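Here's the structure we're looking at; comments come further down.
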Amino acid sequence: MNKRQTGSYYEDLACDYLAENGARVVARNFRSKRGEIDIVARDDKYLVFIEVKYRTSSRFGEAEEAVDPRKQRVICRVSDFYRKRYGIGENFAIRYDVIAIKVDETSAIHIRWHKNAFSYIPGKMW
């Protein structure tokens, strides 16, 4: 599998996990000129922007640690674009989550859903 296929595989797992836990995926791989959001979902009253990260080892840190402040800013800017495109007002409940997937040495898959993993980072819209 190439990197894109691998990423799609783990995003599929994340979508299945979200569905099993009551969330509804509304978009995948939403792109703008500023970047991409892996999954947009509805979870209860929230519109959730989700970054999916996976690791096969902890050698370079845990998967969720890869969502650093730079990546968080990108996600926030793309979420601004998404909300503007679909007319989602500022009073709508928004959340930023991370789904971390780890494959251990026995090939077992462990999924952790970090709700409200980071707060919105204000910045220049476009």
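The values are calculated or read from the model by the stated rules, or taken from the named source; none is laboratory data. This structure is a prediction, so every number in the text was calculated from the model and none was measured. Ideal geometry is used to build each Cβ from the backbone, glycine not excepted, and the neighbour counts take in all protein chains shown.
May I ask you to list the residues in segment 26-54 that are surrounded by fewer than 18 Cβ atoms within 10 Å (Cβ to Cβ) and part of a strand (DSSP E or B)?
Once the filter is applied, which keeps residues that are surrounded by fewer than 18 Cβ atoms within 10 Å (Cβ to Cβ) and part of a strand (DSSP E or B), segment 26-54 yields V26, A27, N29, R31, S32, G35, E36, R42, Y46.
Can you name the number of the only condition in (1) modelled with pLDDT of 95 or more; (2) at negative phi that W126 fails?
Against the list (1) modelled with pLDDT of 95 or more; (2) at negative phi, W126 comes up short only on (1).
Looking at V98, V78, V103, which one is surrounded by 12 or more Cβ atoms within 10 Å (Cβ to Cβ), more than 15 Å from the chain's Cα centre (by Cα) and under 17 Å from E11 (Cβ atoms)?
V103
Within segment 1-24, track down each residue that is surrounded by 18 or more Cβ atoms within 10 Å (Cβ to Cβ) and not acidic (D, E).
If the condition is that a residue be surrounded by 18 or more Cβ atoms within 10 Å (Cβ to Cβ) and not acidic (D, E), then Y10, A14, C15, L18, A23 are the ones that fit.
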